[in-house]
Amino acid sequence: MKGTTVGRHIGMQIQAIMAREMGPQGSAYLKTQCKEIGTTTEALSLRDLSQLSQRMTRSLRPVLGDEQANRIGKEILKFKIIKELEELGNDKDIPHRERKELEAYSRLGNISYTVGDWDDAIDYYDTVLRLSNKTGDKHKLAEAHRTLGHIYKRRTNWDDAIDHFETAKKISTTINHNMGVADSYRGLGYVFWRMGKYKKAREHIDRAIELAKNSREKGVLGVIYIESGLIFSDIGELEKAEIAYLSSISLLKDERDYQQLSRAYNNLGDLYLQKEMWKDAVEYFTCCKDTAETINHQMMMAWALFNTAEAQSKSGSPKEALDNCQKSLEILQHIDDQVGLCAVHRNFGLAHGLLRNWSESEKHFQKSDRILEDINSPFNVAHLYLEWGCMKKERGDVSGAREKLEHAVETFGVIGASKYAKKAENILSTL
């Protein structure tokens, strides 16, 4: 009877997770997957949950998308680990208890990080830092600082991100963990790129590439090449950016990393947008979308759609662009991607401006601007003001156009994006 009671308790907790993530249909999916692994909801045990998590992720990916399916699978694992931690806490005589707790909290931190529960992840990794220092585990200590760096990077909290990456780099260097050092350099390079500090960004990304080349981690090197391409793209060195993206695509294809591969295709498409090669841009955005659909990765599907819309607008098809913007918006709102929402509203503004729907255009540019108030990304701000200024110029609002374009010139200049600054200056000179 005791085993049945425990099983029912676990089943009820997992049902609660499914209901929270999927509503009433969650219970039916849980029953089906329990049957597939040879049990029932009422008889679920902790040892069943790893297999249940894997099956749930695979079965739900085509239905809900990669992000939400992963979240459900990870939430099931998170429940399992928390229950195991409770058992550890109830038995003070378990051998190596602190090391087992350290491993459990590290896994909880990683799960929370991967599903975007930043506050939980920070709390778990703070515990990892304490336990790592107590047990002397420098590998876990470096990993915790590195992941905290990535969390603060995602939250655009640059100072904290830099502090954690620098600490991780020092610790990883002392224990000769080259991939830890490489990932720390990669994180720092990304932060400096987002801050518009391109020289420092290149120095750190180049060092990350050098270290990653000496390892067998093709997937990591592929991601670093993407971020190298981002820097070259912003400063107008498009041929170098193209080489970086193509190198990334070659590596990521071999690794079958469809999430990062779709990102590389998207960035290559963006490069062709800059070259005003609209057909090639759309071709690579289509590759991005098709690759993302392989795993139903919602974010990159949405990015491919709004970037395709920009190419359509600038090649003379703003009505088709509005359709793709709307499809993208629906996905982005569902996954709450603020950077993507900023971009899609900018592209709505562009398309409506080309159709001379001035009030609608203004409304979307303003929405994009409001979102950017909470995102410390000067390049995105300057890009928005460039497009906004162009719309106001076409509308005949000379003073408004001058204000936006001057802001764009100044911001591009400050961050060293000279090609874009020159483009904005040329438009400004026509007013």
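All of the numbers you see were taken from the coordinates with simple rules; none came from a lab. Since this is a predicted model, take the numbers as computed values, not measurements. A quick note on method: Cβ atoms are made from the backbone with ideal geometry, for glycine too, and the neighbour counts reach across all protein chains shown.
Things to note:
- Normalising the Debye intensity of segment 101-176 to I(0), with uniform scatterers on Cα atoms only, and taking log10 at q = 0.14 Å⁻¹ returns -0.38.
- The distance separating the Cα centre of segment 398-416 from that of segment 209-260 comes to 31 Å.
- In this Cβ point-charge picture (+1 for Lys and Arg, -1 for Asp and Glu), the chain has a dipole of about 500 debye about its Cα centre.
- Computed over the chain with a Gaussian network model linking Cα atoms closer than 10 Å, the most mobile of Ile226, Ile37, Ile209 is Ile37.
- Cα-based radius of gyration of segment 212-303 once divided by 2.2 N^0.38 Å, which approximates compact folds: 1.02
- Summary value for the chain: 8 percent relative contact order, contacts being C-alpha pairs under 8 angstrom separated by 6+ residues.
- Length-normalised contact order for segment 235-339 - Cα pairs under 8 Å, 6+ apart - percent: 20 percent
- Annotation for Ile375 and Thr156: the two label points, set 7 Å from Cα along the Cα-Cβ direction, are 0.7 nm apart.
- Extension reserve of the Glu239-Glu394 stretch, reckoned as 0.36 nm per residue once the Cα distance is removed: 52.6 nm
- Annotation: extensible slack from Lys213 through Lys419 equals 71.1 nm (criterion: 0.36 nm per residue apart, minus Cα-Cα distance).
- Report note on the peptides 130-140, 232-242: ranked by the mean count of other C-beta atoms within 10 Å, highest first, their order is 232-242, 130-140.
- For segment 314-431, alpha-carbon Rg over 2.2 N^0.38 Å: 1.03
- Over all projection directions, the Cα-based convex hull of the chain averages an area of 22.4 nm².
- Length released on extending from Glu360 to Arg97, taking residue separation times 0.36 nm less the Cα-Cα span: 88.6 nm
- In terms of distances greater than 32 angstrom between alpha carbons, the cross-link table entries Lys275/Lys392; Lys153/Lys213; Lys275/Lys393; Lys218/Lys319; Lys199/Lys275; Lys169/Lys367 yield Lys218/Lys319; Lys169/Lys367.
- Separation of alpha-carbon centers, segment 316-347 and segment 23-66, rounded to whole Å: 33 Å
- Helical contribution to [θ] at 222 nm, DSSP H n ≥ 4, -39,500 (n - 2.57), averaged over the chain, rounded to 500: -28000 deg cm²/dmol
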